[in-house]
Amino acid sequence: MILISLNDLKPGEKAIVKQIASDSEDINYLQELGLLEGTEIKIIKRAPFGDPFEIDLRGYRLSLRREKAQSIMVEKVV
């Protein structure tokens, strides 16, 4: 299993959330948004300069900034 940052995914790619860095100041905020271990996500699109980007999870769409997404580690679904 290879873990990568959520930032490393491209539009159309899917992944499973594996962990959120415990030193992240936003861990509770991200978990309240539904980014929990085991959640499948899909990158929908990125803004022209890559920030923010839109993801699909749990039946809704969420926009995240790169700095928040950096602490979310995922496993790419092939």
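Just wondering, is there one or more residues in the stretch 38-45 that are more than 25 Å from Met1 (Cα to Cα) and either at pLDDT 90 or above or loosely packed, with under 15 Cβ neighbours inside 10 Å (or both)?
yes
In the stretch 1-45, what residues are charged (D, E, K, R) and either part of a loop (DSSP other than H, G, I, E, B) or over 18 Å from Tyr60 (Cα atoms) (or both)? Spell out the reasoning first.
At the first step, the residues of the stretch 1-45 found to be charged (D, E, K, R) are 8, 10, 13-14, 18, 23, 25-26, 32, 37, 40, 42, 45.
Within the stretch 1-45, Asp8, Lys10, Glu13, Lys18, Asp23, Glu25, Asp26, Glu37 meet the criteria.
Taking the stretch 46-56 as the search range and keeping residues that are outside any strand (DSSP E or B) and farther than 14 Å from Gln70 by Cβ, which one is modelled with the lowest pLDDT?
Phe49
The values are calculated or read from the model by the stated rules, or taken from the named source; none is laboratory data. The structure displayed is predicted, hence computed values, not measured ones. Here Cβ is always computed from backbone atoms with ideal geometry, including for glycine, and neighbour counts include all displayed protein chains.
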